[in-house]
Every structure is written in structure tokens, then in C-alpha cells.
Amino acid sequence: DSGVILEAAMLLADARCDAITWNGSAGGVVGFPHDRQLVEDIEHATGIAASTASLTIIDALRARGVRRLAMVTLNPPAMNETIKRNFAREGFECVFDTHRADIPDNFAMASVAPDDIFKAGLECGACKPDAVIIYGTNTRGAPVVTQLEERLCVPVFDSVSAGLWGAMQRAGKDWPLLVIVEW
């Protein structure tokens, strides 16, 4: 239900912003059609362009011709299975994923050091995917994206950065994702 999020979007509309984005990764868990509906609901209610981090990741993967991806997450294994099924419905095969069963919530995810994310990204690269995604609300992947791309020689997309990138695109600011990551 997009009720609370829609109410927040209506409050943001008062700021006359150019775009509104849902920068969470819940679309991977509840299914990407829910994100598409959320975007439609926000745009209809506010008249402002909208996006989500998850849909921006999907767009980036498609733009790069990715079929096989590996996924760094801090989620428990069962949640990753759901996320992998939802990516499969979009045409992506998740060939490897990392997980953590010891992190209780999204706020705790923010305490995981970027070095740990980097190490998990290296694990993902061992299976030779077309791309790696760092996927999760509050996951601090942006500081290691460039370093991972250099080591793995594949694109690496961070969902937190992608949320900002998607908002910039919807606002008509066509910045390359690399600029957002390094910002």
C-alpha cells in the first residue's frame, strides 16, 4: 500500500521539487510492479516526475545489456531468494548473492563498513557476472563502486546512488551515474 509514501510525496510536492524518488529497495522484496504502481500514484497525485531506486537499477541493467547479475546484500538468505525471483521476472538471472543473517534492520545496515561491502563485491565477481548490484536500503556501497568496477571489469550499480541518479534523470538532469557515485 503506497498510502504513507503517497502522503509523504504530497508533502514534498509543496516544495515544488522536480522529482520525487523512493530510495528504498523494497521493490525487490514486494515485486517491481508495486514500484511501478507507486511511481504512477505519486505522479498522478502530485504532477511531479517520480522514480524508485529499484526501477532505476532495472533500467541501468537493461541499458548495459545485463542478463547475469550478482548481488551484494545485507539481507537474510530467505529475503534474497525473494529478491532473486523478482529480478528473474524482469529477465535477470542472479548467479550469486551475498547475505547477512545477523543484521536486524535497515538502520543497522548503515553501520556495515564499505570495506565489508567491497569484500562481498569481490566474492560476487568470482562467478563472472555481467554486472554486480549492491542492493539494499542504507547499504554503503557508493564509496566502493569505482574500485570494484576496476577490479572486476564489470559495471557495478549501487541502489542508494541509483535512487539519486533516477531522481536526477526524472528531473531532466542527465548526469552519468559515475558522477553521482563519486559525488
Q) Which far-off residues, 5 or more places away or on another chain, put their amide H under 5 Å from the one on D97, with H placed in the peptide plane? A) M71
Q: Label the range 1-120 by shape, choosing from rounded, prolate and oblate, from the square roots a ≥ b ≥ c of the eigenvalues of the Cα gyration tensor; if a/c is under 1.5 it is rounded, and otherwise prolate applies when a/b is larger than b/c, oblate when it is not.
A: prolate
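Given Cα pairs under 8 Å that are at least 6 residues apart, what percent is the relative contact order of the chain?
25
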Q: Whole Å is fine, so just give me how far the alpha carbon centre of the range 22-70 lies from that of the range 93-108.
A: 20
Q. Among the aspartates and glutamates, which have Cα under 19 Å from the Cα of K128 when same-chain residues fewer than 8 positions away are ignored?
A. E93, D97, E149, E150, D158
**Q.** Formal net charge of residues neighbouring Q169 (Cβ-Cβ distance under 12 Å; K, R +1; D, E -1)
**A.** -1
Q. If you average the sequence gap of Cα pairs under 8 Å that are 6 or more apart and divide by the length of the range 112-156, what percent do you get for the contact order?
A. 48
(Q) Under 5 Å between amide hydrogens, which residues at least 5 positions from F157 or on another chain qualify, with H placed 1.01 Å from N in the peptide plane? (A) V132, I133, I134
Q.
Within the chain, which is the longest segment that contains none of the trypsin sites (Lys or Arg not before Pro) sitting in a DSSP loop with at most 14 other Cβ atoms within 10 Å?
A. 68-172
**Q.** Dipole magnitude (debye, nearest 20) for the range 1-81, charges at Cβ of Lys, Arg, Asp, Glu
**A.** 560
Q: Provide the per-residue ³J(HN,Hα) series for the range 60-77, in order, calculated from phi with Karplus coefficients 6.51, -1.76, 1.60 and θ = phi - 60°, each as a whole number of Hz, with x at glycine and proline positions.
A: 5, 4, 5, 4, 8, x, 6, 10, 10, 10, 10, 10, 8, 9, 10, 7, x, x
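Since every read-out is calculated from the coordinates, none of them should be taken as a lab result. For clarity, every value in this text was computed on a predicted model and none was experimentally measured. In this analysis, Cβ positions are derived from the backbone assuming ideal geometry, glycine residues included, and neighbour counts consider all displayed protein chains.
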